[in-house]
Amino acid sequence: MNINLDTNWHELWMKNRAHFKATIYDNVFIPENPFLNQIKFLIYPSEELLYGGAAGGGKSSAILMSALQYVEEKNIPEGENKLNYNALIIRKTFEDLDMPNAIMSRAKQWLLPFEDDGLVTWKEQKKRFIFNSGATLTFRYLNHDKHLNSYQGSELQFVAFDELTQFPEHH
């Protein structure tokens, strides 16, 4: 994780704990409790953030938690229209997305149990979850330069690259 070494984590936590509780701990779609480095990633005040580390360090789960923060119906103020929140998670190849316990597979483990309750729908062809709030979580891959322009004009509130180091710098 690329952070300012002078960050006052206690102050940052105190400032964000109510929001964090509502969007992470009380979020029905997030079955895991984040550990310390994931919490730091999730509360750090930045529009762009890199979170690195060894395999199995919780990076993909942190990305998935971050993507799911704003998908719940309860986060929509009374009288407002459905939530206009669209999240996109990108990997280098489709195979990287779909491997056992990879990020899309993990999202299916977390979210498909809610399909019977009508809280979320999985669109297999589009690789997209649609939540009853109207929010979406989409998975895509970017393994050729010809795919670079595929996302222009999209209205996305969250974009994450899982395993960014697999992408050439010119992307």
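The values are calculated or read from the model by the stated rules, or taken from the named source; none is laboratory data. Because the structure is a prediction, the values reported are computed rather than measured. Here the Cβ positions follow ideal geometry from the backbone for every residue, glycine too, while neighbour counts run over all protein chains shown. Heads up: the accessible areas ignore ligands, DNA and RNA and are worked out on the full protein's heavy atoms, side chains in. Shrake-Rupley method; radii C 1.70, N 1.55, O 1.52, S 1.80 Å.
Go through 129-136, 155-162 and give me the packing order, highest mean Cβ count within 10 Å leading.
My ranking of the peptides, most packed first, is 129-136, 155-162.
Would you mind counting up the charge near E124? Only other residues with Cβ under 15 Å from its Cβ, with Lys and Arg at +1 and Asp and Glu at -1. Mind dumping the intermediate values first?
Details: positive: K108, K123, K126, K127, R128, R140; negative: D98, E115.
For residues surrounding E124, the net value is +4.
Determine how large the accessible area of E11 is when every protein chain is in place; take a 1.4 Å probe and give Å² rounded to the nearest 10.
120 Å²
Report the label-to-label distance for E32 and S105 in nanometres (one decimal), using points 7 Å from each Cα along the Cα→Cβ vector.
Label-label distance for E32 and S105, simple model: 1.4 nm.
I need the phi-derived Karplus couplings for the stretch 20-27: 6.51 cos²θ - 1.76 cosθ + 1.60, θ = phi - 60°, integer Hz, Gly and Pro marked x.
4, 4, 5, 9, 10, 4, 8, 7
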